[in-house]
1. Among the residues of the range 87-107, how many are surrounded by fewer than 16 Cβ atoms within 10 Å (Cβ to Cβ), in a helix (DSSP H, G or I) and under 15 Å from the mean Cα position of the chain (by Cα)?
2. Does GLY84 meet the test of being surrounded by fewer than 19 Cβ atoms within 10 Å (Cβ to Cβ), at pLDDT below 90, small (Gly, Ala, Ser) and over 16 Å from TYR107 (Cβ atoms)?
3. Pairs please, first residue from the range 33-55 and on the phi > 0 side of the Ramachandran plot, second anywhere and aliphatic (A, V, I, L, M) and part of a helix (DSSP H, G or I), Cβ atoms under 9 Å, 6+ apart in sequence or on different chains.
4. Every residue in the range 1-26 that is within 20 Å of ARG50 (Cβ to Cβ) and hydroxyl-bearing (Ser, Thr, Tyr), please.
5. Could you please let me know if TYR3 is surrounded by fewer than 15 Cβ atoms within 10 Å (Cβ to Cβ) and not hydrophobic (A, V, I, L, M, F, W, C)?
6. Would you pick out the residues in the range 24-44 that are of a type outside the set (Phe, Trp, Tyr) and surrounded by 17 or more Cβ atoms within 10 Å (Cβ to Cβ)?
7. From GLY96, GLY24, GLY37, grab the single residue that is small (Gly, Ala, Ser), touching a helix residue (DSSP H, G or I) at 6+ places or on another chain (Cβ under 9 Å) and either modelled with pLDDT of 95 or more or outside the structural domain of TRP6 (by TED's automatic domain parsing) (or both).
Amino acid sequence: MGYLLWIFGFMGAHRFYYGRPVSGTLYFFTLGIFFIGWIIDLFLIPSMDRSAYIKYIPGDKDYNISWILLTFLGIFGIHRLYLGKWLTGLIWLLTGGLLLLGVLYDYWTLNEQIDRVNQRRRFR
């Protein structure tokens, strides 16, 4: 999954996926630090993958599906609908992801959002 998001890494998607929102934002606004950092990340993905595997525990809602939906359909809020957040999903749909600022917010927080949804389902 990291390599698939890396293809769009000049937007920082793979960095956000691996729980690195600061560098992801930097990539988002600089096109992967002018594509140089993006190319270097090709070799860093295995180590980022190992650390994210330890940090984020799987559950009912799949991280990969959520990230694919956010990366490719984020402005439509499909990822929020997948997580059961119907109201904000509809708001994203009607406002283009709150004019892309909401999409950037979701890049920052999606892993934690998935964790919360999975924890709620785990303790039912």
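The values are calculated or read from the model by the stated rules, or taken from the named source; none is laboratory data. Owing to the predicted nature of the structure, the values given are computational and were not obtained by experimental measurement. All Cβ positions, glycine included, derive from the backbone under ideal geometry; neighbour counts span all protein chains shown.
1. 2
2. In short, no.
3. Every condition considered, the pairs that remain are ILE33/LEU26; ILE33/ILE40.
4. Across the range 1-26, the qualifying residues are TYR3, TYR17, TYR18, SER23.
5. yes
6. Hits for the range 24-44 are GLY24, GLY32, ILE33, GLY37, ASP41.
7. GLY96
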